[in-house]
Amino acid sequence: MSDTYCNVAIVGAGPAGIGAAAALGEAGIKDVVVFDREAQAGGIPRHIHHPTFGLLVFKRPMSGPRFIEKIIARCKDVRFELETSITGIEPAGVLAAASCKGSRTIHARHIILATGAREKPRHPRLVSGLRPQGIMTTGALQKFIYGEKLSPFKRPIIVGTELVSFSALATLRAGGAKALAMIESNSRISAYRPAMGFGALMGTPVHLNSQLVDIGGRDKVEFVTIKGPDGTKNIACDGVIFSGDFVGETALMQSSHLEMGIKSRLPLVDNRWLSSDNKTSVIGNCVHPADMGDQCYLEGLEAGRNIGQILTNKVDNTSGEFVAISHDPGIKFLTPGAVRITLGQPQKTDIRLHVRAPFWGKINVVQNGKVVYSKRHRCQPARRITLHNVDLSGIEQTQQNSPTVQTLPQIEVKLV
Ligand SMILES: Cc1cc2nc3c(=O)[nH]c(=O)nc-3n(C[C@H](O)[C@H](O)[C@H](O)COP(=O)(O)OP(=O)(O)OC[C@H]3O[C@@H](n4cnc5c(N)ncnc54)[C@H](O)[C@@H]3O)c2cc1C
């Protein structure tokens, strides 16, 4: 096994990884290498041809491939090593890599993990039935229709009503197919309400308060059984698209030394995207499954700028104690999931979160038993809620006679 060396090794050439690479190049950091297991850089947006990218970054809508082309053009002095899978992370900036040329160890001054997210496939959704052809996620559908120019079915149903579910409607239309129904277990759609108008325009009804209970058909999908407010019924169809319900691509982190959220099972990072190992950052949808491509790119830029400053000794925000923020089981995950605390130094941060089920009520942040943030929020599972400027600087001071003893805080986010 050979050894190679670089300044920064980025794992994942999606919008987040490309953003970090661009910022590092701008900061004058040489020898930045972006690794991706695919033969082409760009991550998920390579397969999305409708104009849902670019608004935040370029102030105009564009397709995924065009967005990728434009952000890659901003990467100076960056090397892309494609068809290379990263198979392990170790402390002190060490990665294990494998490609058709063999395996090797990569040593970097800093590692950035940007491995993305994917939709939950059928298996973990526990839907009964046989394994006929014609069951896939939106991501796979987009590869078929935009990548291979193939239409796997003509009249499928879509499970889920997130933004990506409506993106599946648009993809089907591009492939000459039409969804017969969308199925949502909650009493309203997960995407913002105007998306319903798009569904109506496409002639696809949404079944609310409904669940997919069975998929029928031996070789090909022939029907689905759904259970809703009017009882159980079959809908004849030729495919099922499981959309949304994103999970982070975290296999690499799960088997590493990096600290993971106990409930979220996602890598914990502080508000500068540094993980529990201060030589490793984690960014993009593997930390918060799943935000839009533009947001992930901007986040990559932010993380890259910070690492550029650390590597050129302009700032040092890598020290301090890494303290995980615990949370209510009704919260799916928080970003940041941790704070780096140096006793006596002020600490204010925004906390973004996603809930598991619709919730309308107070969200409290409690530090050592004291409420430091409290505000009512209306939350939907697919939406990001931001708690602005949460003040975590009040470190507990326990006076036992004297001298004063300072202790690290215990921080918890609660749904009240
Ligand atoms: C089906 C679908 C539709 C979407 N539609 C839209 C949309 O219309 N508009 C929008 O703004 N956003 C959309 N998104 C979200 C958008 O794709 C993401 O915001 C964006 O791609 C996330 O960027 P990322 O860099 O975090 O991850 P990704 O784009 O997922 O990139 C991760 C990269 O990491 C690589 N990788 C992972 N593990 C390894 C490893 N071990 N070794 C080497 N390489 C590895 C992968 O090959 C991949 O290229 C969609 C997402 C999905 C899944």
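Can you list, largest first and rounded to whole Å, the semi-axes you get for the stretch 45-174 by taking the square root of 5 times each eigenvalue of its Cα gyration tensor?
Gyration-tensor ellipsoid for the stretch 45-174: 32, 23, 14 Å.
Of all DSSP beta bridges located in the chain, what percent are antiparallel, nearest 5?
Antiparallel bridges: around 60 percent, rounded to the nearest 5.
List E162, E412 from most exposed to least, where exposure is judged by having the fewest other Cβ atoms within 10 Å.
In order of increasing Cβ crowding within 10 Å: E412, E162.
Evaluate the Kirkwood expression for the hydrodynamic radius of the chain, namely the inverse of the mean inverse distance over all pairs of different C-alpha atoms, and round to one decimal in Å.
After inverting the mean inverse Cα-Cα distance, the result is 22.9 Å.
Around Q295, what is the net charge, scoring Lys/Arg as +1 and Asp/Glu as -1 over all other residues with Cβ under 14 Å from its Cβ?
Local charge sum for Q295: -2.
Within the set of other residues whose C-beta is less than 13 Å from the C-beta of G330, count the net charge using Lys and Arg as +1 and Asp and Glu as -1.
Taking every other residue near G330 into account, the sum is +3.
Calculate one ³J(HN,Hα) per residue across the stretch 46-59 by plugging θ = phi - 60° into the Karplus curve 6.51 cos²θ - 1.76 cosθ + 1.60, and present them in order as whole Hz with x for glycine and proline.
Those phi angles translate into 4, 9, 10, 9, 8, x, 10, 10, x, 4, 6, 8, 10, 6 Hz.
Tally Lys/Arg at +1 and Asp/Glu at -1 over every other residue whose Cβ is under 13 Å from the Cβ of P267; what's the total?
Here the count lands on -3.
Dividing the convex hull volume of the alpha carbon atoms of the stretch 262-339 by its residue count, what do you get in Å³ per residue?
Spread over its residues, the Cα hull of the stretch 262-339 gives 78 Å³ apiece.
So, in the stretch 121-242, how many Lys pairs have Cα atoms under 29 Å apart, if the pair is 8 or more places apart or on different chains?
13
Please report how far the C-alpha centroid of the stretch 198-241 lies from that of the stretch 1-22, rounded to the nearest whole angstrom.
The stretch 198-241 and the stretch 1-22 have Cα centres spaced 43 Å from each other.
For the stretch 121-242, what number results from the quotient of the Cα radius of gyration and 2.2 N^0.38 Å?
Against the compact-globule rule of thumb, the ratio is 0.97.
Please list, or write none, the lysines whose alpha carbon is within less than 18 Å of the alpha carbon of K70, excluding same-chain residues fewer than 8 places away.
K59
What shape does the stretch 1-85 take by its C-alpha gyration tensor, where a ≥ b ≥ c are the square roots of the eigenvalues and a/c under 1.5 counts as rounded, a/b above b/c as prolate, and the rest as oblate?
oblate
Between helix 293-311 and the chain, what is the angle of the helix's C-alpha long axis to the longest principal axis, kept within 0 to 90° and rounded to the nearest 10?
20 degrees
Among the trypsin sites (Lys or Arg not before Pro) in the stretch 312-385, which ones are in a DSSP loop with at most 11 other Cβ atoms within 10 Å of the Cβ? Mind listing them?
K314
Restrict the search to the stretch 107-214; then list the chymotrypsin sites (Phe, Trp or Tyr not before Pro) that DSSP places in a loop and that have at most 12 other Cβ atoms within 10 Å of their Cβ.
Passing sites in the stretch 107-214 are Y192.
For the stretch 322-368, what number results from the quotient of the Cα radius of gyration and 2.2 N^0.38 Å?
Normalised Rg, Cα atoms only: 1.28.
Quick one: length gained pulling Q40 to M196 fully straight, 0.36 nm per residue minus the C-alpha distance?
So the chain would gain 52.7 nm between Q40 and M196.
Can you compute the radius of gyration and Dmax for the stretch 83-134, using only the Cα atoms, both in Å?
17.4, 50
Quick check on packing: order 298-309, 13-24 by the mean number of other C-beta atoms within 10 Å, highest mean leading.
Output ranking for 298-309, 13-24: 13-24, 298-309.
Share of antiparallel DSSP beta bridges in the stretch 121-242, in percent to the nearest 5?
Close to 45 percent.
Measure nothing but the geometry: give the 0 to 90° angle between the long axis through the Cα atoms of 163-174 and the longest principal axis through the Cα atoms of the chain, rounded to 10°.
Approximately 40 degrees, to the nearest 10.
I'd like the FRET efficiency for K314 and K348, computed as 1/(1 + (r/R0)^6) with the beta carbon distance as r and R0 of 22 Å, rounded to 0.05.
0.55
Just report the Cα centroid separation between the stretch 265-324 and the stretch 62-109, whole Å.
Spelled out, the Cα-based centre of one part sits 17 Å from the other.
If neighbour count is taken as other Cβ atoms inside 10 Å, put I135, I241, I341 in order from fewest to most.
I341, I135, I241
What are the trypsin sites (Lys or Arg not before Pro) within the stretch 14-72 that DSSP puts in a loop, where the Cβ has at most 16 other Cβ atoms within 10 Å?
Hits after loop and neighbour filter: K30, K59.
Excluding residues on the same chain fewer than 8 positions from K332, give the lysines whose Cα lies under 20 Å from its Cα.
Result set, ordered by chain and number: K120, K263, K362, K375, K414.
Coordinate-derived values only; no laboratory data. Everything numeric in this text was worked out from a predicted model, so none of it was measured. Cβ coordinates were reconstructed from backbone atoms using ideal geometry, including for glycine residues, and neighbour counts include every protein chain displayed.
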